[in-house]
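Undergrad: Sharing a structure with you now.
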Amino acid sequence: MELLTTPIEIQNKLCSLMNSYDNISFATAWASANSRAFNTLVKNKNKIQKIVVGIHFYQTNPNFIREFIDNKKVKFITNPTGIFHPKIYLFFNHENDWQCLIGSANFTKSAMEKNTEIMTCIHSKDIGSKEIYNKLVCEIENYNQRATVFSNDDLISYQKIWDKKLKSRDDLQDKFNKNNDGKPIYKSNVITLGWNDFFNKVKNDKNNSFNMRLQLLNKAREYFSKEGFKEISEEKRLRIAGISKWDEDSINWHYFGYMGNARIFANGIKINERIDSLSNALEYIPLSGVVSRENYYNFLNIFTDKNRGWGYGVATVSRILAMKRPDVFFCLTKANGQLLYKDFGIKKEIKTHEYDRYWDEIIERIHKSDWFDSKKPNDEIEEKLWHNRVAMLDAIFYDGIV
């Protein structure tokens, strides 16, 4: 019996056993097609007796499935009771000459190269091996009986859903740990809030600004709903941009970030060519429905066109976006940034033109929270917050009530 404790040990052992034995049978929760182990399996395809792979959560890569289309010896668990989760790799010549790896590693590149995994290798010469072998063969056969051969039509359908799920799967990886201190997202005090706790935190901010903030955001949405940005009066544009302060209803438009110090940006609100550019950019952000990363970058490509002489950064970009879609965007400023970075586990401060990081490390984090993903409430006041929930995070981070 052997204990394998590193990905390289596991992959080396798998490849060696696939090359050494006449028969290959295994069952694994997920599989991918871009590892040395996969390449070795393909080279030894004629040795396969039974392989069973799960597809739960759409974690199995379509390229693995594609390699074994219509192969009756390679099947997939398509409708499991619970999650299909074994990791058993059996290699044998006959019942008295075999080895088997059992442990945590799926047949994926991550398991073979970077994950923390552990596997036990059992040999045919180990004590009690005959009973173990018979049990292994029986279990793999049981899995095989429940599994399905994938056809090309099955793969086409699976690929469509796999593509849609790709973004969610990426979020399960360590993309949020780029440029940060490795703080897990589940340790965030804000991301993990349920709707009721989120509502209470925002409503009870230290400055008692809840009602005024909502009035501001609702009025900004009203401006956008009636006409394009270039048709809005200059007075209203200055409010939206966070430059003018008070309006006729005594609403303080400096909430969600005062942008008057961004002088080129502030002056640009009064220049027709730049107003046209900003208005065209904002057309890529719909007034309702999903705002995609593509929408965001289409907006940026026009708004951040250096040839037009704009002078701005993430603060002004996020201010304008939060005013049009407060249910999607957060206005990131110096006044709220430090508490947000700390709570989200972002070690390195986002600099002026790091637009990628704003979306990838802040907006996508927010969109993974329970409170963001909650259904629209029935209560009138809660519903008003729900329609403005991302921008209203400023009430938490600006006031320091995390």
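The values are calculated or read from the model by the stated rules, or taken from the named source; none is laboratory data. Fair warning: this is a prediction, and the values are worked out from it, not measured in the lab. A quick note on method: Cβ atoms are made from the backbone with ideal geometry, for glycine too, and the neighbour counts reach across all protein chains shown.
Undergrad: Consider Ser110 against the criteria (1) in a helix (DSSP H, G or I); (2) in contact with an Asp or Glu (Cβ under 8 Å, 6 or more places away or on another chain); (3) surrounded by fewer than 19 Cβ atoms within 10 Å (Cβ to Cβ); (4) not acidic (Asp, Glu): it satisfies all of them except one. Which criterion is unmet?
TA: All conditions are met except number (2).
Undergrad: For region 361-381, how many residues meet the condition of being assigned to a helix (DSSP H, G or I) and buried (at least 18 other Cβ atoms within 10 Å of the Cβ)?
TA: 5
Undergrad: Answer with yes or no whether Thr148 is more than 19 Å from Leu3 (Cα to Cα) and touching a Lys or Arg at 6+ places or on another chain (Cβ under 8 Å).
TA: On the way: more than 19 Å from Leu3 (Cα to Cα): yes; touching a Lys or Arg at 6+ places or on another chain (Cβ under 8 Å): yes.
Answer is yes for this residue.
Undergrad: Considering only region 142-164, state which residues are surrounded by 14 or more Cβ atoms within 10 Å (Cβ to Cβ) and among the charged types (D, E, K, R). Steps first, answer last, please.
TA: So the first thing to find is which residues in region 142-164 are surrounded by 14 or more Cβ atoms within 10 Å (Cβ to Cβ), and the list is 143-144, 146-147, 149-150, 154-155, 158-159, 162.
Residues satisfying the conditions are Arg146, Asp154.
Undergrad: So, Tyr133, is that one more than 35 Å from the chain's Cα centre (by Cα) and either among the basic types (Lys, Arg) or farther than 15 Å from Pro86 by Cα (or both) or not?
TA: yes
Undergrad: Check whether at least one residue in region 338-348 is within 27 Å of Gln215 (Cβ to Cβ) and touching a strand residue (DSSP E or B) at 6+ places or on another chain (Cβ under 9 Å), and report yes or no.
TA: No - not one qualifying residue is present in region 338-348.
Undergrad: Give just the number: which of (1) part of a loop (DSSP other than H, G, I, E, B); (2) under 14 Å from Val390 (Cβ atoms); (3) of a type in the set (A, V, I, L, M) does Leu340 not satisfy?
TA: Condition not satisfied by Leu340: (1).
Undergrad: In region 232-252, how many are surrounded by 12 or more Cβ atoms within 10 Å (Cβ to Cβ) and not small (Gly, Ala, Ser)?
TA: Looking only at that region, the number is 11.
Undergrad: So the check is Cβ under 7 Å with 6+ separation or different chains; which pairs have a first residue in region 1-28 that's modelled with pLDDT under 95 and a second one that's among the aliphatic types (A, V, I, L, M)?
TA: Correct list of pairs: Met1/Ile122.
Undergrad: Tell me yes or no: at least one residue of region 286-299 is buried (at least 20 other Cβ atoms within 10 Å of the Cβ) and closer than 28 Å to Asn207 by Cα.
TA: The answer is no, given that none of the residues of region 286-299 is buried (at least 20 other Cβ atoms within 10 Å of the Cβ) and closer than 28 Å to Asn207 by Cα.
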